[in-house]
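Just below is one structure, and these are the notes that go with it.
The values are calculated or read from the model by the stated rules, or taken from the named source; none is laboratory data. If you're wondering where the values come from, they're calculated on a predicted model, not measured in any experiment. Please note: Cβ atoms are built from the backbone with ideal geometry, for glycine as well, and neighbour counts cover all protein chains shown.
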């Protein structure tokens, strides 16, 4: 879909330790092994929250049980999902409601609905604040997570798309889809301290585990830019599949990119990158906290692919809501 201003997004049907086990425990472990027979028999206890922009809800998936455990109604056209560092809260941007839903990750109840800017798209949590990119307002709304109130609006570049917080919580990186730049926000002052040129139509963004690199999916250039966070300066550009949208980095440093135009996920590190086939229009991607799995939303298929990082193959395809986009993993 063209917005008539140079920015492009994927078309949509709508929208502008170890003990010896006793007999009973042994039997239980055998049952669990039969449910999860792949390489990672006992994944970390995580939950995956998926924003379904076409059905106005959030799907919650439990990788250990391999099932959907909840469906949570939210605002109109939920797009982005961000999780608090402790895993107890999840923040969901509702693009056509101009709000953020605050969800209790344990009870699946909506704790608050926070008005933000025009067409909120992405959200990332740094410390005690959530940073929301307002695609239609060229700003970032800052939410105090203690009060669920907006405490600041930060001007950034044109059509801000996605934010990512550094591992130490001191910086937030924002892709400006209509300006081909990344804004670097200092969390202490809530000011933009640097603006970096990147590839055309930057979308997804993620940081390395050490925080020394930032990876940006350049949707219009079919590539991923790697930025040195210490400069910050642009380091390398890696070609990937067509229309890269989402990018995620595992705790082990593996970089996965969802290519919405080629229905693949690229794993960087080889030339050319490894291409993993998934379903139609993969957009969002997130990694498990133990690096065991990567989760990918397939927007045109209404599904989520689960990739085993040991084999880089899809081991499960999970039906979710309509037009899933962003997702986040909590522990």
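Can you go through 220, 241 and tell me which one is outside any strand (DSSP E or B) and crowded, with 20+ Cβ neighbours inside 10 Å?
Answer to the check: 241.
Evaluate the following for residue 226: is it at pLDDT 95 or above, part of a strand (DSSP E or B) and surrounded by fewer than 22 Cβ atoms within 10 Å (Cβ to Cβ)?
For residue 226, the condition - at pLDDT 95 or above, part of a strand (DSSP E or B) and surrounded by fewer than 22 Cβ atoms within 10 Å (Cβ to Cβ) - is met.
What number goes with the only condition from (1) surrounded by 15 or more Cβ atoms within 10 Å (Cβ to Cβ); (2) in contact with a strand residue (DSSP E or B) (Cβ under 8 Å, 6 or more places away or on another chain) that residue 155 does not pass?
(1)
Using the structure shown, decide if residue 284 is at pLDDT 95 or above, within 27 Å of residue 87 (Cβ to Cβ), out of contact with any helix residue (DSSP H, G or I) (no Cβ under 9 Å at 6 or more places or on another chain) and not in a strand (DSSP E or B).
No: the conditions fail for residue 284.
Only one of (1) farther than 15 Å from residue 203 by Cβ; (2) part of a strand (DSSP E or B) fails for residue 325. Which number is that?
If we test residue 325 against (1) farther than 15 Å from residue 203 by Cβ; (2) part of a strand (DSSP E or B), just (1) comes out false.
Listed here are the residues, each with its yes/no results for (1) within 18 Å of the chain's Cα centre (by Cα); (2) under 22 Å from residue 188 (Cβ atoms); (3) surrounded by 20 or more Cβ atoms within 10 Å (Cβ to Cβ).
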{"position": "71", "(1), (2), (3)": "no, no, no"}
{"position": "146", "(1), (2), (3)": "no, yes, no"}
{"position": "149", "(1), (2), (3)": "no, yes, no"}
{"position": "164", "(1), (2), (3)": "yes, yes, yes"}
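Is it the case, given these coordinates, that residue 141 is under 29 Å from residue 104 (Cα atoms), within 20 Å of the chain's Cα centre (by Cα), assigned to a strand (DSSP E or B) and at pLDDT 95 or above?
Yes, satisfied.
Hey, among the residues in the range 244-272 that are part of a loop (DSSP other than H, G, I, E, B) and under 20 Å from residue 315 (Cβ atoms), which one's nearest to the chain's Cα centre (by Cα)?
Here the residue is 250.
Under 20 Å from residue 80 (Cα atoms) and either part of a loop (DSSP other than H, G, I, E, B) or touching a helix residue (DSSP H, G or I) at 6+ places or on another chain (Cβ under 7 Å) (or both): is that true of residue 289 in this structure?
Yes; evaluated as a whole, the condition is true for this residue.
Given (1) over 24 Å from residue 85 (Cβ atoms); (2) crowded, with 22+ Cβ neighbours inside 10 Å, where does residue 295 come up short, assuming only one miss?
The single condition residue 295 does not satisfy is (1).
Residue 302 - would you say it is within 19 Å of residue 261 (Cα to Cα) and more than 15 Å from the chain's Cα centre (by Cα)?
yes
Output the strands (runs of 3 or more DSSP E) that fall wholly within the range 75-127 and possess 3 or more residues being crowded, with 19+ Cβ neighbours inside 10 Å and touching a helix residue (DSSP H, G or I) at 6+ places or on another chain (Cβ under 7 Å), or say none.
Strands (runs of 3 or more DSSP E) meeting the threshold: none at all.
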